[in-house]
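The values are calculated or read from the model by the stated rules, or taken from the named source; none is laboratory data. From a predicted model like this one, the values you see are computed outputs, not experimental measurements. Ideal geometry is used to build each Cβ from the backbone, glycine not excepted, and the neighbour counts take in all protein chains shown. Surface areas here come from the heavy atoms of the whole protein model, side chains and all, with no ligands, DNA or RNA. Shrake-Rupley method; radii C 1.70, N 1.55, O 1.52, S 1.80 Å.
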Amino acid sequence: MNHSSWGAPPQTGHPQPWPPHAQGAAPAGPAYDAHGAQQTRPMPIVPDEPASGGYQGDGAGAGSPSGAPFRAPTSQPQPEPQEPMPSAPQPQPAPAPQKKSAGRDLGAAIGVGLGLGVVIIASLFVVKAVFVGVIVVAVVVGLWELTSRLSERKDINAPFVPLAVGGTAMVVAGYVRNAEGAWVAMALTALAVLVWRMAQSPHGYLKDVTAGVFATFYVPFLATFVALMLTADDGPRRVLTFLILTVVSDTGAYAVGWRFGKHKLAPRISPGKTREGLVGAVAFAMVAGALCMQLMVDDGAWWQGLLLGLAVAASATLGDLGESMIKRDLGIKDMGTLLPGHGGIMDRLDSLLPTAPVAWLLMVVFVGS
């Protein structure tokens, strides 16, 4: 083993420590007293054979200051990191079925409906003129709701005063002077809307008077046909038949559609209406029509009631969709809040108004005026 790099120890009678002291230590010799210096232990000579399990390379022992073979630290292969096994998806509990909601306060809706029914029946069969007053009140409140929503949502100011006065005149003229009186009153009401609006700024004149003429036709003119039904000898029973068929049609559509409805009837207009609901409306209205025409209307027949029920179901559905279009354009759910559980008066007149002329015409055709 070559010690030239470290320097050989001097051949003296005194043993010298090995290896030599590092730079800065006291040199060996007489000036360096072994008794006053700290004794160092000589480096033990390690055999050339590598220890069991040690690493022996091609240059083992070279470059080692003690002459021992160079031992590289034992390198144990490290296990490669393993990706965690994806756990099997745990079965999720099935969500609890949600109960269908009616969407309104049914208790309040039923209570208000029964109250209105009592008022209508009492006024119908006590004094006819009182029921005419009920029609007028419904028309005026409906006009107020419609014109208020138009002003709030679209900045359309249809003049309410001539509409309310002209609507009242139309209903009364229809009851007193029949259809001719209703037509004359409607024409005068439209003229009054045009003149009344002239007192304001010309800005928006066209849209305001157009909305006013539309409101004249939509609310009071269609309601006038209820007053025309009332003029017959069995007028109260005709009006009651018309009301029963419309309510039964709406109820049948709601009940069947809520329970069995899957296919949308007009999703862009009214997402809640279904084809199954329309079938229910037709079936309920036809059965009710056959019974009412046979039992309540003079000279009526059950088969006439079937046709009447079919026509009422169709017109009531179209009327409901028509007002839904108006409310969607206005961006509102209900026309008002006057009737708890129902919305406003117009939300109850939506199917009644377009059905009134249909019912009046068919009853005139079937049993006369």
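A compact table of results
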quantity: Filtered residue count, region 301-338, keeping only those that are closer than 18 Å to Ser151 by Cβ and open to solvent by less than 30 Å² (accessible area, probe 1.4 Å); calculated: 5
quantity: Cross-chain or 6+ apart pairs with Cβ under 9 Å, region 183-194 first and free of Cβ contacts under 8 Å to residues at least 60 places away in the same chain, then surrounded by 16 or more Cβ atoms within 10 Å (Cβ to Cβ) and not in a helix (DSSP H, G or I); calculated: Ala192/Pro159; Val193/Ala158; Val193/Pro159
quantity: Candidates Val139, Val127, filtered to the one that is modelled with pLDDT of 80 or more, more than 33 Å from the chain's Cα centre (by Cα) and under 30 Å from Leu230 (Cα atoms); calculated: Val127
quantity: Filtered residues of region 274-288 (kept if buried (at least 22 other Cβ atoms within 10 Å of the Cβ) and without any contact (Cβ under 8 Å) to a residue 24 or more places away in the chain); calculated: Thr274
quantity: Filter result for the condition that a residue is on the phi > 0 side of the Ramachandran plot and either modelled with pLDDT of 90 or more or of a type in the set (D, E, K, R) (or both), over Gly341, Gly331, Gly322; calculated: Gly331
quantity: Residue in region 231-244 that is within 33 Å of the chain's Cα centre (by Cα), within 19 Å of Gly319 (Cβ to Cβ) and not charged (D, E, K, R) present; calculated: yes
quantity: Residues (buried (at least 19 other Cβ atoms within 10 Å of the Cβ) and under 16 Å from Ser148 (Cα atoms)) located in region 198-241; calculated: Asp208, Val209, Ala211, Gly212, Ala215, Thr216, Tyr218, Val219
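Residue-by-condition table, conditions (1) buried (at least 19 other Cβ atoms within 10 Å of the Cβ); (2) at pLDDT below 95; (3) part of a helix (DSSP H, G or I):
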position	(1), (2), (3)
Gly257	yes, yes, yes
Gly272	no, yes, no
Ala290	yes, no, yes
Asp299	no, yes, no
